[in-house]
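The values are calculated or read from the model by the stated rules, or taken from the named source; none is laboratory data. Just so it is clear, the model here is predicted, and its values are computed rather than measured. A quick note on method: Cβ atoms are made from the backbone with ideal geometry, for glycine too, and the neighbour counts reach across all protein chains shown. Only protein heavy atoms, including side chains, enter the accessible area calculation; ligands, DNA and RNA are left aside. Shrake-Rupley method; radii C 1.70, N 1.55, O 1.52, S 1.80 Å.
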Amino acid sequence: MDNPKKIAKQIIIEGMVQGIGFRPFVYREALRLNITGSVRNLGGSAAIFAMGTPSAIEHFIKALENCSKKLPLAQISRITLSDAITTEAQSFAILQSGSADGACFISPDLPTCHQCEAELSSTHNRRNRHYFNTCTACGPRYSIIEALPYDRANTTMQEFEKCPLCQAEYTACEDRRFHAETVCCRSCGPELLFKNQEGLLRQEAAFDQALTLLKSNQILLIKGIGGYHLACSPFDREAVARLRRLKKRASKPFAVMFKDISEIKKHCVLSPAEEGLLTSSARPIVPLYLSGDEPFCSEVLSQSSTCGCFLPYTPLHRLLLEKTDALILTSANINGSPIIFEDEAALEFYHNNRQSISGVLYNNRKILRALEDSVARIINGKPQMLRRSRGYAPLPAAKIEGEAVALGGDLKASFCVATGGHAYMSQYFGDLINCTAYEGFKREIKSFTGLFNAQPTLAICDSHPDYISGNYAKTLKLPLLTVQHHHAHIASVMAEHGLKRVIGAAFDGTGYGEDGAVWGGEFLICELNSAKRAAHLAYTPLVGGDEAARDAAQTAACFLINENLPSAHIHADILKAAIQNGLAYPSSSMGRLFDAVAALLGAAYYNSYEGECAVRLEQLAEGALKACVLPLEMDFDIIENTESLVISHSKIIQLASTAKDKGSFALGFHMAVARMVAKVCVQIARREGIYQIALSGGVFQNKLLTEVCAGLLKEQNLEVYLNEKVPPNDGGIALGQAFIYSQGVNKACV
Ligand code: ZN
Ligand code: ZN
Ligand code: FE
């Protein structure tokens, strides 16, 4: 029988194909189908030369297209085929990486896989209790990658030379560590270290000492993937109080890492979607409702009805949690600063705080960039990012044309690089007013554009004249596009869902408005790159700057003064005089309205962290809902203006100042906001013929409000879109900015 003539193809595969075991997969498929040739990493893609019979090649390409069945982490964005010349190749080889242009996905850091986890506890395995166990499917990635292609030499694993056994696994095609760039074992990999005043311990001794101290209620610094955590038992009141003093953190709840899902189920209500999020490859912190009384000492959650839960994602976490069941793991920093990620900084932090911290558990593998734990939850049945960092960055969040860098905003800073058809989102940097955060932001813009080989032709920033990110944009020596803050919020939803024309409700704390006022309760008609303000919350004159915005009691006083209602605030007279003398600034912020209502009800008076008062108000409403308390009837007035609709909250403020039942009011207020959103959207939808609604801005982190809003809008046959891949808070606006640019630049560039 004739052998069919062999053909040859060049196959370029773009997408998430590096750092997840893609080349070994290609190698095994080639062997199975009797295909000769080669595979190599090429910049961010994989390049395959394949030679075989036409039917073998066909099967081979099918297998590549369906690779995610065998490689759950693979994401293929494009396969390009071209004919090649047949050669004498007798085998299939994994070649040295080359570099090339083209879209590339860099793998985020991955949690320890089941197989590697099993080895940790298997006494006969040579990787038993190996604190840095990884394979092609798991381990650190983005946090240790210096450059592409993803080879050991381009990571901070380059310092650890593979022992002969590890080298053998690395080169054996049937091994699950075949071409695993992070492969190592106890004899050749990084070393676990413990340092305190008594000296330095290594490996088992280091682990045992750390565990003993944690069990005796001490606070430790523990090195993770994207930085250092402060760790202690959530059951010891004294330790947690010490941790709060150390972090200068008044009341924001601490996240708790649990041994496993069943341990979380003992304390929290967990839906299948939430379980999916907790066990997803990003291993985010997921805020969950407590099922009963707070299981820890009250200092951990400080009266919050939710607990931020997460699961171990490194072998070290796994081994520590097996012995402790639950640990507070919170970013090592002082309130507001970014997470500490360098060993010298961590050791110095320990040295300066020895009265509170009992030692440092770390290792000699360098972390290249700081990555906080991500925070995500399920809202309206879909994931919502609250903080997008480790495990998600630097994956693209949308497809976008053009080459540009969008700098986002100053709070919850993150930037977005558009290149090669994708919008790559950076990690979270915190607030840029913090010098360390700003330094990290600047450093990572350079590193990030280098990693993705991006050559931005334009920079995009918020239209706020005093934003730090905006001032930095001016130093980039690129044409500059400025984008209105709330337009960017709505555009971030349009980018994620590929929408061209929407009615957007952008509710947040503060953003610079086109008229110079502080906006934050906005309805915008957004089409391609343009936005028109269609409705907004009535202006209230507020006194003071950013610091005053934290003071909900003062905000409430300003709302009362605006209604000519008596205010018992100690500075009521001064505030009144300031307003009368034009020293206040007009604000249409929904965030401030939530603050005012929270303070008027006596639910909360001060935001020690962003959104604290609104969170208290939501929890009050949730509590009322669970107790079947009826919502108090109230409504906004919608007033037709020449230019846009103005939404008056006068009646609500009047009612709040005399409210008797806090829970009933809080619930009624949430319902009134949701009804108002539906009503305004319906009115605009009829007039404009737009039936797609985008909700974004920090206020939509309120689960109760968002879910009721979405429900009411759906009842009106409107389609509702929310952020899923980037946060609805200011951490997502860089994506919106990049989207607006991609829809055509027609605004003035400076
Ligand atoms: Zn693994
Ligand atoms: Zn080894
Ligand atoms: Fe905002």
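When we measure straight from the Cα of Lys532, which lysines land under 20 angstrom away, once same-chain ones fewer than 8 places off are left out?
Within the straight-line cut-off, Lys532 pairs with Lys500, Lys679, Lys747.
Roughly what % of DSSP beta bridges within the chain run antiparallel, to the nearest 5? Mind dumping the intermediate values first?
On the way: 90 of 118 bridges.
The antiparallel proportion sits near 75 percent.
Pairs Lys399/Lys703; Lys366/Lys446; Lys399/Lys442; Lys70/Lys259; Lys223/Lys266; Lys265/Lys725: which are spaced more than 21 Å apart, C-alpha to C-alpha?
On the way: Lys399/Lys703 28 Å; Lys366/Lys446 19 Å; Lys399/Lys442 24 Å; Lys70/Lys259 28 Å; Lys223/Lys266 28 Å; Lys265/Lys725 26 Å.
Exceeds cut-off: Lys399/Lys703; Lys399/Lys442; Lys70/Lys259; Lys223/Lys266; Lys265/Lys725.
What is the gain in length, in nm to one decimal, between Glu191 and Ala147 on full extension, counting 0.36 nm per residue of separation less the C-alpha to C-alpha distance?
Details: separation 44, 0.36 × 44 = 15.84 nm, distance 2.39 nm.
That pair, Glu191 and Ala147, stretches by 13.4 nm at full extension.
So how do Asp208, Asp573 rank on accessible area, 1.4 Å probe, biggest first, that is with the largest at the start?
Ranked list, largest accessible area first: Asp573, Asp208.
I'd like the carbon and sulfur percentage of the solvent accessible area for the chain, probe radius 1.4 Å, heavy atoms only, ligands and nucleic acids excluded. Write down the numbers at each step before the final one.
Values: 15050 of 29120 Å².
The computed percentage sits at 52.
Debye calculation, C-alpha points only, no solvent: report log10 I(q)/I(0) for the range 7-94 at q = 0.12 Å⁻¹, in the same order as the q values.
-0.29
Could you tell me the calculated FRET efficiency between Arg501 and Lys382, based on Cβ-Cβ distance and R0 = 25 angstrom, to the nearest 0.05? Mind showing how you got there, number by number?
Details: r = 22 Å, r/R0 = 0.87.
The pair Arg501/Lys382 has a calculated efficiency of 0.70.
Between Ala93 and Thr279, how high is the FRET efficiency from 1/(1 + (r/R0)^6) when r is the Cβ-Cβ distance and R₀ = 51 Å? Nearest 0.05. Before the final figure, lay out the partial values.
Numbers: r = 36 Å, r/R0 = 0.71.
Calculated transfer efficiency: 0.90.
Under the rule of -39500 (n - 2.57) per DSSP H run of 4 or more residues, summed and divided by the residues of the chain, what mean residue ellipticity at 222 nm is obtained, to the nearest 500 deg cm²/dmol?
Details: 22 runs with 241 residues, N = 750.
Calculated mean residue ellipticity at 222 nm is -9500 deg cm²/dmol.
Can you check what the net charge comes to around Gly409, using other residues whose Cβ is under 9 Å from the Cβ of Gly409 (Lys, Arg +1; Asp, Glu -1)?
Numbers: positive: Lys412; negative: Asp410, Asp462, Asp730.
Net charge in that neighbourhood comes out at -2.
Report, to the nearest 10°, how far helix 435-451 tilts away from the longest principal axis of the Cα atoms in the chain, using its own Cα long axis and a range of 0 to 90°.
Compared with the principal axis, the helix lies near 40 degrees.
Taking 22 Å as R0, compute the FRET efficiency from the Cβ-Cβ separation of Gln303 and Asp661 and round it to 0.05. Intermediate values should be presented prior to the final figure.
Numbers: r = 19 Å, r/R0 = 0.88.
Efficiency, from the Cβ-Cβ distance: 0.70.
Pick out, in residue order, every one of the GluC sites (Glu not before Pro) in the range 171-236 that is DSSP loop and has at most 14 other C-beta atoms within 10 Å; say none if there are none.
Values: sites: Glu174, Glu181, Glu191, Glu198, Glu204; in loops: Glu174, Glu181, Glu191, Glu198.
Loop-located and lightly packed - Glu174, Glu198.
Working with all protein chains in place, sort Lys247, Lys500 by solvent-accessible area computed with a 1.4 Å probe, largest first. Let's see the in-between values first.
Values: Lys247 5, Lys500 110 Å².
If we order Lys247, Lys500 from most to least accessible, we get Lys500, Lys247.
What number comes out for the charge environment of Tyr512, summing +1 per Lys or Arg and -1 per Asp or Glu over other residues with Cβ under 9 Å away? Intermediate results must be reported in sequence, preceding the final value.
Working: positive: none; negative: Asp462, Asp466, Glu514.
Surrounding charge for Tyr512 is -3.
On average, how much accessible surface per residue is there in the range 338-384, in Å², for a 1.4 Å probe, leaving out ligands, DNA and RNA? Could the numbers behind the result be given before it?
Numbers: 1760 Å² over 47 residues.
Result: 37 Å² of accessible area for each residue.
If each of Leu81 and Ser447 carries a label point 7 Å out from its Cα toward its Cβ, how far apart are those two points in nm?
In this crude label model, Leu81 to Ser447 measures out at 4.0 nm.
If I fit a long axis through the Cα atoms of helix 22-32 and take the longest principal axis of the Cα atoms of the chain, what angle between them do I get, 0 to 90°, rounded to 10?
Roughly 40 degrees, rounded to the nearest 10.
Taking the chain as the reference, fit the longest principal axis to its C-alpha atoms, fit the long axis of helix 590-601 to the helix C-alpha atoms, and give the angle between the two in degrees, 0 to 90, nearest 10.
60 degrees
Which three extents, in whole angstrom, do the alpha-carbon atoms of the range 313-428 cover along their principal axes, largest first?
That gives 52, 33, 26 Å along the principal axes, largest extent first.
Ignoring ligands, DNA and RNA, what accessible area per residue does the range 7-94 give at 1.4 Å, in Å²?
Working: 3860 Å² over 88 residues.
So the range 7-94 comes to 44 Å² accessible per residue, rounded to a whole number.
Using a cut-off of 14 Å between beta-carbons, work out the net charge of the residues near Cys628 (Lys and Arg +1, Asp and Glu -1, Cys628 not included). Intermediate values should be presented prior to the final figure.
Working: positive: Lys626; negative: Glu622, Asp661.
Value of the local net charge: -1.
Given a 1.4 angstrom probe, what's the average accessible area per residue across the range 607-750, in square angstrom?
Working: 5960 Å² over 144 residues.
It amounts to 41 Å² per residue over the range 607-750.
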